[in-house]
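The values are calculated or read from the model by the stated rules, or taken from the named source; none is laboratory data. Note that this is a predicted model, so its numbers are computed, not measured. Note that each Cβ is placed from the backbone with ideal geometry, even for glycine, and that neighbours are counted across all protein chains shown. SASA here: full protein model, heavy atoms, side chains in, ligands and nucleic acids out. Shrake-Rupley method; radii C 1.70, N 1.55, O 1.52, S 1.80 Å.
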Amino acid sequence: MTESAIIVGDGRVGRHTATQLIDHGYTVTVVERDAEKCERLANEQVGRVV
């Protein structure tokens, strides 16, 4: 079973945390209210972006 995590915000800490979790096999969802950041995240395949 895959572990999952939700990260709120795509700031420096949120992005670092998401990357580390993905590297350790987690399924990551990032919640971000800034549409430009969401687009960038989706293109970088950081995880699911909401």
(request) Just need a number here: residues in the range 27-36 that are open to solvent by less than 40 Å² (accessible area, probe 1.4 Å) and β-branched (V, I, T). (result) 3
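Going by what's in this entry, would E39 be described as modelled with pLDDT under 85, surrounded by fewer than 13 Cβ atoms within 10 Å (Cβ to Cβ) and of a type in the set (D, E)? Show your work before the answer.
Numbers: modelled with pLDDT under 85: yes; surrounded by fewer than 13 Cβ atoms within 10 Å (Cβ to Cβ): yes; of a type in the set (D, E): yes.
Taking the combined requirement at face value, the residue satisfies it.
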(message) Considering only residues that are surrounded by 14 or more Cβ atoms within 10 Å (Cβ to Cβ) and either free of Cβ contacts under 8 Å to residues at least 24 places away in the same chain or of a type outside the set (V, I, T) (or both), which ones fall in the range 5-26?
(response) A5, G9, D10, G14, R15, T17, A18, L21, Y26
(request) Determine which member of the set T29, T2 is assigned to a strand (DSSP E or B) and either at negative phi or without any contact (Cβ under 8 Å) to a residue 60 or more places away in the chain (or both). (result) T29
